[in-house]
Structure formats: structure tokens, C-alpha cells
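The values are calculated or read from the model by the stated rules, or taken from the named source; none is laboratory data. Predicted, not measured: the structure shown is a model, and the values here were computed from it. Using ideal geometry, Cβ is built from the backbone for each residue, glycine included, and neighbour counts are taken over all protein chains shown. Note: accessible area is taken over every heavy atom of the protein model, side chains too, but ligands, DNA and RNA are not part of it. Shrake-Rupley method; radii C 1.70, N 1.55, O 1.52, S 1.80 Å.
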Amino acid sequence: MIETYTQINQNLKNDKFSKIYLLMGEETFFIDKISNFFENAFIEESQKGFNQEIHYGKDSTISKILNSSKSFPMMSNKKLIIVKESKELDIFKNKNSLFLENFIEYLNNPNPTTTLVFCLKNKKLDKRSKIYKSIEKNAVVLDTDSKENKIYDNQIPRWINKEVEENGYSIDDEATFLISENIGNNLVKITNALEKIYINKTDKNINIKDVEFNVGINRDYNYFELQDSL
């Protein structure tokens, strides 16, 4: 099932989880946000040592991941497996993988206690392929490059305001403008800039001086340019 980032994010907030996720595309911000949620909040801290696994595609195999996915959690009703750098995983690199049928079989009948998340950054599966069709049928698929997930330049100020609000802060219009004009629509860089500001704030309102001091961006526009942008 194909879902947008907004749909997936809302479902996670409402504790609605699927058994398998494929997060793919060039916009790594959305992939990181979802995978970070699972890594930080899905399994209780005391249970992570037993029931949370982080694999890396170049150091693992689909056979190893499936074997682990089929095993049951310890002293819990759920288990989490995140596969980072999934584009290096054998099943996604080799179209003739001997384990393709095993993977498809698992997709059709996943372990009900395991949540499996594939992070396929900077790569997209061929939507005509057998493996993609099986994943789309049985898992939640996020294509970060689709138009439904695209954040256009004129939407960046509103996106910044929403991101700031979700983190418990407010931001002045001129500070929003300064960030959007200088960083553009690179969501990862914008988020990193905001994180620098959060760390150094003693109050909850972000102003233009916070941006200049913490991010190193200089104010090089005038009041009329700000009014035109807004």
C-alpha cells in the first residue's frame, strides 16, 4: 500500500502500525523521521536489548533478516528490525537473488509480532518488478520523490513554521524568511539549523537574531523584500 509521509506520520502518532515498511527515494528527511520514530519510540528502552535490531545492508543478508523476523520477541509482544542502507542489501541489488521467493513468501505471511522497516535511501525500486509489486501489496510503501510528498519552494516557510510548532516553539516571520531564503528546500539542512537553535534557546520564541547567531546566516534583505515574500 502506497502512503504519503503525512499519512504514515499520522498513523504512527495514533499507534497504528503495519508489519512491514519500505521507505525509499531521494528525500532522506522523511525516511529519517520515520525510522527515527521507530528506533526511539516503538520499543520500550528496557526491551531494546532483546527486541530491537538495527541491520546495515552491506553487512547483512535478506536470509539473516528473515530468520530474525520469524523469531518471536522476548518478554514482550513486539519486535523491531530496522534495515538501514537497504540499497546495499542483496535482495535489492541482485534481481536474480536466490532468496527472492523466500522474501515474497514472508511478505505474504509476516510474523505478527515483528515490525520490519527497510530504509532505501537514494534509490527507488522498479515499480514493474516482481519484488516491488509484492511489497506494495503487503507492506506500507513511502516514495519520498512522489509529488504527494514534494515540498515546493513556496511551501517552505509554512513547513518551517509547522516543524517549529511541533517541537514546542514559535518563530517570527522574518526568521522563517531568512532560513527559507538561505537554505532553500533542503529539509535536512533546515532541520539541522533549527536543532542548533533549539539547543541554545532559553525561551520558546525564535527570532532573527537566533538564526544569525546559531546558524551563521546574515540578514541581507530589506523590509520590502520580506513583505513581498510573505
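Amide H contacts for E53 (H built 1.01 Å from N in the peptide plane; partners 5 or more residues away or on another chain; cut-off under 5 Å): L80, I81, I82. Using 0.36 nm per residue and subtracting the Cα-Cα separation, the extra length available between N40 and K150 on full extension is 37.0 nm. Accessible area per residue for the range 27-138 is 53 Å², calculated with a 1.4 Å probe on protein heavy atoms, without ligands, DNA or RNA.
Applying the Karplus relation 6.51 cos²θ - 1.76 cosθ + 1.60 with θ = phi - 60° to the range 166-183 yields 3J(HN,Hα) values of 5, 9, x, 10, 10, 9, 5, 4, 5, 5, 4, 4, 5, 5, 5, 6, 8, 9 Hz, where x marks Gly and Pro.
Over the C-alpha trace of the range 54-147, radius of gyration and Dmax come out as 13.1, 42 angstrom.
In sequence order, the range 139-151 has phi-based couplings of 9, 8, 10, 10, 9, 5, 8, 5, 5, 5, 9, 6, 9 Hz under the Karplus curve 6.51 cos²θ - 1.76 cosθ + 1.60, θ = phi - 60°, and Gly or Pro positions carry x.
Accessible surface of the chain, 1.4 Å probe: 46 percent of it comes from carbon and sulfur atoms.
Rounded, prolate or oblate: which fits the range 107-167, taking a ≥ b ≥ c as square roots of the Cα gyration tensor eigenvalues, rounded meaning a/c under 1.5, else prolate when a/b beats b/c?
On the way: a/c = 3.55, a/b = 1.78, b/c = 1.99.
The shape class here is oblate.
Modelled spin labels at N200 and S71, positioned 7 Å past Cα toward Cβ, are 4.6 nm from each other.
In the structure shown, the pairs K13/K93; K19/K189; K147/K201; K48/K70; K13/K137 are assessed against 29 Å; a Cα-Cα span above that value is assigned to K13/K93; K19/K189; K147/K201.
Amide H contacts for I20 (H built 1.01 Å from N in the peptide plane; partners 5 or more residues away or on another chain; cut-off under 5 Å): L116, V140.
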